[in-house]
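Engineer: This is the structure I have questions about; it appears just below.
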Amino acid sequence: MNWILSLFKKRWFKWLFFGGASIVAFFVIVYISILLGFFGKLPTKEDLSSIKQAEATQVLDNEGQLIGKYYIYDRQPLKFEDLPKHLIDALIATEDTRFYEHDGVDNVSLIRVFFKSIILQNKSAGGGSTITLQLAKNLFGRKDYAMFSMLINKFRESIIAKRIEDIYSKKDILTLYLNTVPFPDNTYGIESASLKFFNKPASALTHSEASTLVGTLKATSYYNPRLHLERCQSRRNVVFRQMHKYGYMSQDSVDLLSNQNIELQYKSFNHDVGLAPYFRAEVKKELAAILDTLKKPNGEAYDLYRDGLVVHTTLDATMQGLAEASMKEHLTDLQRTHEVSFGKTAPWNNKAIVLASIKKLPIYKSYKASGLSEKQIMDSLSVKRKTELFNWTGDTIQNVSMIDSLKHYLKFLNTGMLAIEPSTGAIRTYIGGIDYRFFKYDHVSQSERQVGSTFKPFVYTAAIENGMKPCTYFSLAEVTYTDFDNWTPTNSGGVTEDPHLNYNLEMALSNSVNTIAVKVLNEVGIVKVIEQANKMGISKELPEQPSLALGVAEINLKELTGAYASYVNASRSVKPYAITKIEDKNGNLIASFKPEISKEQAYNDYTRQVLLQMMQSTINTGTASRLRTTYNLKNDIAGKTGTTQDNKDGWFVGITPKLVTVTWVGNDNHSIGFKTTGIGQGANSALPIFAKFYQKLNADAQFNAITNSNFETPSQEVIDDLNCDSEKRDGFLKRIFGSKKKARRFEKK
C-alpha cells in the first residue's frame, strides 16, 4: 500500500492517473449520454422487434422470371433456409469468427485489435467489428457528430447490437445481415447481389460464387467483380484460406477452387439498361396509377419502392431477348446504309434543321426565358465537355458541345416493336426505341406516326363488310380529285405504266396500289371506313379526306396492333396489356387484370377470312414477298407493309395465328426521312426486324406452338369468291376512248 502512496507523490503518476481517469469518465459520460438519447433516440427493443426494411418491387415475366425491379435500395429478402451453408461459413470465417460466442460486441477481438493494431502496429490484426455491429450500422446508418462522430457512432452501434442479440437468434441475425448488407453496384442483400452478378438465386450459389460476394464486403468498390475481376478473385482466395483456417474447408478444396476463374453472368436491374427497359418504364407508369386506387389492410397506401410488391407481367423474357437481338442486328446495318446514302448532303448537318432542333431543347427555352441573347445562348451551347455518346459499334466518351451532341443524335433511326397474343392482347415483346439510356421517348406507348399503307386493310375490310366482292376490279389509272385541290394520288414502283390494267381487290391490296385504295375508299365512303376502323379499336379521330386511304392518319402503335389482332381473333379487337396481377411481399393477391377484348365482332367471319387470304398474298407474292425469298420463312404469315410520304416512316405488320407483331422504323425528327424509297420502304426498313425475329423463333423449339400454328381454313364461299384472275385489261374500245386521265369529285358518303 505504501508503494502506491509513494507513486501518488510523484507528479508524472498523478498526471497519468488523473488523465486516464478523465478519459474513462469521458467515455462513461458519452456512453450514458447516448443511452439517455442526447445524441438522438436509440431504437428500443420494441422498435427492433419489428424491423421493416425497404424492399424492392419485383417485375416478373409470364413464366415468373425476374426481369426488373423498382427500388430505392436494391434489396430482396430471403429466409435463413434459403441461405446455403457454405455462404454462412464464408461470412463467419471472414467477418466474425467468434460470432456464436459473443453477445453482439466481441470484447476478446477488441482487446486483440487494441494490442496488435494500436500498440504493436500489426496491420494484419483485423477489425473488432462483429456481424451484429455491422447489422446495426446497416439498419440505422451513421450520423455526423462533428469531432467525436466515430466514437459516438461506435457506442450507439454497440448498444443497438446488444439489444439485437437480446431479441433475435443467431440465425435471425445472420438472415437480417445478409438481407441488408451492401454489395457492389448499389446492391443491397445477398439475393439481389446473386441475381445481379451471377444471374441465379442465392440458394444456388457455388462455393466460389458465395465466397466472391462475401469477399467484396471488405470494400465494395475496390473489390467490385464487374470492374476489378482479378483483384476480386484474389480476395475470394483469401476467403477460402480463412475458411480453411477455421475448419470450414479442406486444404484440397482451397487448392482446387483457388485455381478456378470467377465467371460472372452480370445482369443489371438498373432501369436504363437490361432487358425490356421501355416495357419496365411503361409498367412502372401503370403501377403508379393502379396503386393510387389501392390501400393496405391497415389503410396505408402502397409504396412502389419499399413494400416488396411482386408484379406479374405478360412479357416473355426469352422472346423479348430474341426481338431485341433482331432489332439491333437490322438497325446496325440500316443505320450504316442510311448515313452513307446521304453522303455530304445529310439533313442532320442542315443548318435550318439543326437550328430548329436547338430551339426545341428545354435548356434553350430556359436560357431564352432568363433573358440571354441568341449569341449568348449559342455560345453556352457550344461549350465542350466530356460526354458519353451512343453508337451501334460501341458507346464512346468524346469532348463535344451540346450542339455537337444534338447533331450526333439527329442522324439516328429509331424504332418501335410490339408483339401480342391476339386472343388476349397479352404483350409478349415490347421495344420502345433503340436504347433507353439515350432515347427515353417510347415509340410503342407515346408515339403517334402516320401509318402509311398499313391503314389500307381497314379500307378493304370496310369494302368487303359493306358488300363489295373480292373479285371487283379497279383500274390502276390515276384520278384527279377536283374537290381536294386537284389531288392526284400516284403509285410507286412503275405500276401506273398501263392505265388500262385492272386489279381485283386481292391483287391491289397485296401490291399496295395507292390509286385503287383511294378508289375503294371513295366507293365505300369515308364515313363507313372510319366507322370500321373505330369498331376495330382505333380511337384516334381520323381525317375525312381521301388521303386517309394512304395512311395519313397518325395512330399509336399499340392501337394499330390491337386492331390487327382482330383478323386472327374471331373479328374482335383487343387492347394490349402488360400486367396480369400484383401481389404483396407475402404472396397475397392485391390486384388482378383480365384481357380487354371487344365484346362484339368488328366485322363478320366472311370478311375476316377474305382479308386474311388477301394479306397472305402480301407475304407470298406481294410487297412482303422477301419474307419467303430472302428470309426463307415457311410459317403461315399474313401481313402488310407501309411507307409514308417522303419516306419518313417504314412499317410492317406480321400476322401469325398466335402472334401479331408490328414494327416501325423512322427518325424522331419528322423533318428527316430516308434518302430513297428503296431504303425507307417498310419492306426494307421495318420488315427485316420481324423476319430476323421469326427466324430466331423458328430455331427455338420452345416456340413451336407459335411458329407451327396454322390459319383457319376459309369457307368454300370465300374460296369461290377469291377464285378469279388477279388482273384484266380494258377492252379495245375502252382503251381507245378512255385513255385520258380522269377528273372527278370525291364522295363523302
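The values are calculated or read from the model by the stated rules, or taken from the named source; none is laboratory data. Remember, it's a predicted structure, so these values are computed and weren't measured experimentally. Glycine gets a Cβ as well: all are built from the backbone with ideal geometry, and neighbour counts include every protein chain shown.
Engineer: Just give me the residues in region 617-638 being part of a loop (DSSP other than H, G, I, E, B) and of a type in the set (Ser, Thr, Tyr), in sequence order. If you could, list the steps in order and put the result at the bottom.
Structural biologist: So in region 617-638, the residues part of a loop (DSSP other than H, G, I, E, B) come out as 621-625, 630-637.
Thr621, Thr623, Ser625, Thr630, Tyr631, listed by residue number.
Engineer: Looking at region 485-500, is at least one residue closer than 29 Å to Arg572 by Cα, surrounded by fewer than 23 Cβ atoms within 10 Å (Cβ to Cβ) and either in contact (Cβ under 8 Å) with a residue 60 or more places away in the chain or within 39 Å of the chain's Cα centre (by Cα) (or both)? Steps first, answer last, please.
Structural biologist: As a first pass, look at region 485-500 and keep what is closer than 29 Å to Arg572 by Cα: none.
Within region 485-500 (the criterion being closer than 29 Å to Arg572 by Cα, surrounded by fewer than 23 Cβ atoms within 10 Å (Cβ to Cβ) and either in contact (Cβ under 8 Å) with a residue 60 or more places away in the chain or within 39 Å of the chain's Cα centre (by Cα) (or both)), the answer is no, since none of the residues qualifies.
Engineer: With a cut-off of at least 2 residues that are in the same structural domain as Leu176 (by TED's automatic domain parsing) and at pLDDT below 80, name the helices (runs of 4 or more DSSP H) lying wholly within region 59-149.
Structural biologist: Working: elements: 85-95, 107-113, 131-140.
In region 59-149, 107-113, 131-140 are the helices (runs of 4 or more DSSP H) which contain 2 or more residues that are in the same structural domain as Leu176 (by TED's automatic domain parsing) and at pLDDT below 80.
Engineer: Next question. Across region 185-200, which residue is farthest from Lys79 (Cα to Cα) among those that are in contact (Cβ under 8 Å) with a residue 24 or more places away in the chain and of a type in the set (S, T, N, Q)?
Structural biologist: Checking each candidate, the answer is Asn186.
Engineer: Out of contact with any Gly (no Cβ under 8 Å at 6 or more places or on another chain), surrounded by 12 or more Cβ atoms within 10 Å (Cβ to Cβ) and either at pLDDT below 90 or basic (Lys, Arg) (or both) - does that describe any residue in region 422-429? If you could, list the steps in order and put the result at the bottom.
Structural biologist: Of all residues in region 422-429, those out of contact with any Gly (no Cβ under 8 Å at 6 or more places or on another chain) come to 422-424, 426-429.
Filter again for surrounded by 12 or more Cβ atoms within 10 Å (Cβ to Cβ), leaving 422-424, 426-429.
Okay, now just the ones that are also either at pLDDT below 90 or basic (Lys, Arg) (or both), so 428.
For region 422-429, residues out of contact with any Gly (no Cβ under 8 Å at 6 or more places or on another chain), surrounded by 12 or more Cβ atoms within 10 Å (Cβ to Cβ) and either at pLDDT below 90 or basic (Lys, Arg) (or both): present.
Engineer: Go through region 443-534 and tell me which strands (runs of 3 or more DSSP E), entirely inside it, have 1 or more residues that are in the same structural domain as Phe652 (by TED's automatic domain parsing) and among the small types (Gly, Ala, Ser).
Structural biologist: Details: elements: 448-450, 473-475, 479-481, 501-504.
Passing ranges, in order: 473-475.
Engineer: Look at region 271-295 and say how many of its residues are without any contact (Cβ under 8 Å) to a residue 60 or more places away in the chain and part of a loop (DSSP other than H, G, I, E, B).
Structural biologist: Of the residues in region 271-295, 2 are without any contact (Cβ under 8 Å) to a residue 60 or more places away in the chain and part of a loop (DSSP other than H, G, I, E, B).
Engineer: Within region 382-397, which residues are assigned to a loop (DSSP other than H, G, I, E, B) and either over 17 Å from Tyr436 (Cα atoms) or not assigned by TED's automatic domain parsing to the domain that holds Leu361 (or both)?
Structural biologist: Going through region 382-397, the residues assigned to a loop (DSSP other than H, G, I, E, B) turn out to be 382-384, 390-395.
Within region 382-397, Ser382, Val383, Lys384 meet the criteria.
Engineer: Of (1) touching a strand residue (DSSP E or B) at 6+ places or on another chain (Cβ under 9 Å); (2) at pLDDT below 95; (3) buried (at least 20 other Cβ atoms within 10 Å of the Cβ), Asn514 satisfies all except one. Which?
Structural biologist: Here Asn514 meets the rest and fails (1).
Engineer: From Ser250, Ser203, Ser221, Ser268, which residue is out of contact with any helix residue (DSSP H, G or I) (no Cβ under 6 Å at 6 or more places or on another chain) and in contact (Cβ under 8 Å) with a residue 60 or more places away in the chain? Explain how you work it out, then say what you get.
Structural biologist: On the way: Ser250 fails: in contact (Cβ under 8 Å) with a residue 60 or more places away in the chain; Ser203 fails: out of contact with any helix residue (DSSP H, G or I) (no Cβ under 6 Å at 6 or more places or on another chain); Ser221 fails: in contact (Cβ under 8 Å) with a residue 60 or more places away in the chain.
On inspection, the qualifying residue turns out to be Ser268.
Engineer: In region 562-591, what residues are in contact with a Pro (Cβ under 6 Å, 6 or more places away or on another chain) and part of a helix (DSSP H, G or I)?
Structural biologist: Pass one, region 562-591, residues in contact with a Pro (Cβ under 6 Å, 6 or more places away or on another chain): 562, 565, 568-569.
Hits for region 562-591 are Gly562, Ala565, Val568.
Engineer: Next question, about the same structure. I need the full set of residues from region 354-381 which are surrounded by 11 or more Cβ atoms within 10 Å (Cβ to Cβ), in a helix (DSSP H, G or I) and aliphatic (A, V, I, L, M), in order please.
Structural biologist: Passing the criteria: Val354, Leu355, Ala356, Ile358, Ile363, Ile377, Met378, Leu381.
Conditions (1) more than 26 Å from Lys284 (Cα to Cα); (2) modelled with pLDDT of 95 or more; (3) among the hydroxyl-bearing types (Ser, Thr, Tyr); (4) assigned to a helix (DSSP H, G or I), marked per residue:
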residue	(1), (2), (3), (4)
Met319	no, yes, no, yes
Ser326	no, yes, yes, yes
Arg336	yes, yes, no, yes
Phe342	yes, no, no, yes
Ala352	yes, no, no, yes
